[in-house]
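Participant: Below is a structure I'd like to ask you about.
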Amino acid sequence: MIRRASVFPEVTRQRGPGVPALPKWLAPPPPPAVDAAVDVLCARRRDRSRTAVLVPDGEGSDVLGLSVAARLVCAHPRVRWRFRDRTWWLRIGDRASGEAATLAVLRRRDDALAGGPLGFPEGWSSERGRYLLRAYRRLLLVVDEVPPDAVEPHRLVSTERGHAGLLVSGPVPPGATPIAVPSAVLGEWCRRRLRDLPLPDGDRDRLNALAVVDGGTEVPIGLVEALWGTGPEETRSLLDRLARPGLLRVTSGSTVSVDPLVTAMGRESLGVEGFRDATAGLLDRIAAAVPAAAPLPGSSCDQAWWTATTDDGCLRDLLVRALLRAGRRERAAALTGDLRWIAHRVRHDGPAAALDDLAALTDDESGTRTRSFTSVARLLDPLDPVTAVDDVLIDELRHHPAWSAQAEALQEATARPVLRGHRPRLSEVRRPHVGSAVLAPDRRHLATAVGTTVTCTDLDGGTATTLSLSRDESVRQLCFGPAGDWVAVLSHNSRNGFGVEDPPYTTYLRVWEPATGTTRFRLSEGRHFRHFGSFTISPDGESLCLSANDGDHLLTTSTGGPHPGPHVPPDPVPDPLVSPGGTWRASIEADVVRLHDLRHDRPGPLTRTTGSRSDHVGGVLWITDHEFLVHGSNGWGRYRVVVDHDRDFR
């Protein structure tokens, strides 16, 4: 089992933030359930699960009491000694209402463990994610505030050797140990302690108003001023008074963080109506400075929030949830249904943040948008430069009915060149690996080698003709004749009755006519001598020079017999990565194709072509100066460079 992060050298330097310690005034005596949970987390037997789930006992359920118990468990000396600074605290809250939202939490966990963007997870199981977890010899993952409708929250904890997980509420997964906690008693004890604090009524109201923002969030002081309606000096004075008893924490003089337990009790004090009114008041004060949004087909959003939250990550994370909490579901649906907001979130906060916003709404239309976005999220993270996110996102969603109208309009309005893919996209369908690909001289036909099949495709009409080889053959070289009416295929068979042999057991040369589906001739040599290595075709297409172990052989392309000669070598092949007109140069980086504008010597557009991290691009074939083919481990696709844009959307 891999224990060290050879593929993630920076992982060994990561230190977990741990679970925030309880304020001194909010430290109840630990119940016996805490010791039971500690025994599960610190168990040394390999056959025992180290995942504990805190559930309420029969005297009543209180989420606040369960959260207090979890923090008491993490503060236990045995837990602190065993896991030290390898404790990570995840909070779900009302963010996970489906599988997509839980995947977003999983992605945030992996980013934290890796110390930087790791990429969007490809479903529940990811090879990179498994390597990442195995890099930690000891690890404690605490998942707090698990809602009842969360989908498979146990996926957020690890079952690797030396790892432990603590789930606060939620369903009990197979193999986990449920721990009954007197949550009602703990919750009431904490509420009584908060009521007994000597706070003026005005300060207590201000503290409750901060419950609009999720606990533990770094809130800019400017947002606190908008929430309280106070000036800078009065705000600073109030914050200092509330920070003395440990109710909140002022960090670096610019942000404020409220303890999650204090936030939960503040929301209870406000009540349902008061919490909704406080959230609505904050939104109204902020929305007054937000400009109107430009009309966009397929969108009903009337405010350009994507221009007002560029430098405010807290407000970006809060906005959609705040609209829902204020009872403004239609506005939340309009905002999450606007592709400009989704692109804004991906650019600044990554695909997981955009998926959080989309998953917050559970109606059928929002569910369709969420599924469409989830299918392309892998292609968006990470991308460099960040502006490429817009191009890839818009072009991918252009083929999804829920986003097509907006994507078409935004793509047509883009002032810079963009890449436009043809259906079906390489990222949409799993197709066989293309080992070799070549274009005909007229650039209207494409020959590809997929396994033991050679296919010639008419790029205009879409019709295809195939040549089937024997089951153990692999294509080594493909080449069209100068007139494009035949294809020379060099293949080898590297298997015999005893397994794979090197050098190959037999090599073959065929000349095939796709129009009629007939083979002009087939030559074969084997038994470990006179193997065919490669061939070249004369410019007139009459002769073919075949290189073999015993020398070069000049053959006629009509029958495969000897050619009297002389053989005229082919013309020099131009750089295949440069477009025919010399405008663009393509470069390949794993699954990313980048273009460079040669005429202006500046970076051009880029696209990510495959839907899985294990796929890669094998090559680029230019059809015209602004259109090319991409082939690789997931088939082949067609792209066009679009440059005729003259409008802009805000």
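The values are calculated or read from the model by the stated rules, or taken from the named source; none is laboratory data. It should be emphasised that the depicted structure is a prediction, and the values quoted were computed from it without experimental measurement. As a convention, Cβ positions derive from the backbone with ideal geometry for all residues, glycine included, and neighbour counts pool all protein chains shown. Areas reflect the complete protein model, heavy atoms only, side chains present, ligands, DNA and RNA absent. Shrake-Rupley method; radii C 1.70, N 1.55, O 1.52, S 1.80 Å.
Participant: Within the range 1-37, restricting attention to residues that are among the charged types (D, E, K, R) and open to solvent by less than 70 Å² (accessible area, probe 1.4 Å), which residue is modelled with the lowest pLDDT? Show your work before the answer.
Facilitator: Filtering the range 1-37 down to residues among the charged types (D, E, K, R) leaves 3-4, 10, 13, 15, 24, 35.
Among the residues that remain, those that are also open to solvent by less than 70 Å² (accessible area, probe 1.4 Å) are: 3, 10.
Working: Arg3: 42, Glu10: 48.
Per the criteria, the residue is Arg3.
Participant: Continuing with this model, one more query. Scan the range 134-161 for residues that are in contact with a strand residue (DSSP E or B) (Cβ under 7 Å, 6 or more places away or on another chain) and either of a type in the set (Gly, Ala, Ser) or outside any loop (DSSP other than H, G, I, E, B) (or both) and jot them down.
Facilitator: Of everything in the range 134-161, those that are in contact with a strand residue (DSSP E or B) (Cβ under 7 Å, 6 or more places away or on another chain) and either of a type in the set (Gly, Ala, Ser) or outside any loop (DSSP other than H, G, I, E, B) (or both) turn out to be Leu139, Leu140, Leu141, Val142, Val143, Asp144, Pro153, His154, Leu156, Ser158.
Participant: Being crowded, with 18+ Cβ neighbours inside 10 Å, touching a residue at least 12 places away in the same chain (Cβ under 8 Å) and in a loop (DSSP other than H, G, I, E, B) is true for just one of Asp615, Asp571. Which residue is that? Explain how you work it out, then say what you get.
Facilitator: Values: Asp571 fails: crowded, with 18+ Cβ neighbours inside 10 Å.
Answer to the check: Asp615.
Participant: For the range 259-308, how many residues are over 17 Å from Arg206 (Cα atoms), open to solvent by less than 30 Å² (accessible area, probe 1.4 Å) and more than 33 Å from the chain's Cα centre (by Cα)?
Facilitator: Residues in the range 259-308 being over 17 Å from Arg206 (Cα atoms), open to solvent by less than 30 Å² (accessible area, probe 1.4 Å) and more than 33 Å from the chain's Cα centre (by Cα): 0 in total.
Participant: Within the range 68-95, which residues are more than 15 Å from Val38 (Cα to Cα) and not in a loop (DSSP other than H, G, I, E, B)?
Facilitator: Taking the range 68-95 and keeping what is more than 15 Å from Val38 (Cα to Cα), we get 85-86, 88-95.
Scanning the range 68-95 gives Trp88, Trp89, Leu90, Arg91, Gly93, Asp94, Arg95.
Participant: Give, as residue ranges, the helices (runs of 4 or more DSSP H) completely inside the range 317-397 that count at least 3 residues that are closer than 20 Å to Val290 by Cα. Quick ask: steps written out before the conclusion?
Facilitator: On the way: elements: 329-336, 339-349, 351-359, 364-377, 388-397.
Where helices (runs of 4 or more DSSP H) fall fully within the range 317-397 and carry at least 3 residues being closer than 20 Å to Val290 by Cα, they are 329-336, 339-349.
Participant: Then there's this: Is it true that Arg276 is out of contact with any Cys (no Cβ under 6 Å at 6 or more places or on another chain) and closer than 23 Å to Gly65 by Cα? Outline the logic, then answer.
Facilitator: Values: out of contact with any Cys (no Cβ under 6 Å at 6 or more places or on another chain): yes; closer than 23 Å to Gly65 by Cα: no.
Here the answer is no, as Arg276 does not meet what is asked.
Participant: Hey, among Arg585, Arg602, Arg594, Arg613, which residue is at pLDDT below 85 and of a type outside the set (Ser, Thr, Tyr)? Full working, then the answer.
Facilitator: On the way: Arg585 fails: at pLDDT below 85; Arg602 fails: at pLDDT below 85; Arg594 fails: at pLDDT below 85.
Selected residue: Arg613, the only one of Arg585, Arg602, Arg594, Arg613 that is at pLDDT below 85 and of a type outside the set (Ser, Thr, Tyr).
Participant: Next question. Does any residue in the range 237-253 that is over 14 Å from Gly222 (Cα atoms) come within less than 9 Å, Cβ to Cβ, of a residue that is assigned to a loop (DSSP other than H, G, I, E, B) and open to solvent by 50 Å² or more (accessible area, probe 1.4 Å) six or more places away or on a different chain, and which pairs are these?
Facilitator: Arg241/Pro200; Pro245/Pro198
Participant: Residues in the range 368-388 that are surrounded by fewer than 23 Cβ atoms within 10 Å (Cβ to Cβ) and in contact with a Lys or Arg (Cβ under 6 Å, 6 or more places away or on another chain): how many?
Facilitator: So the count comes out to 1.
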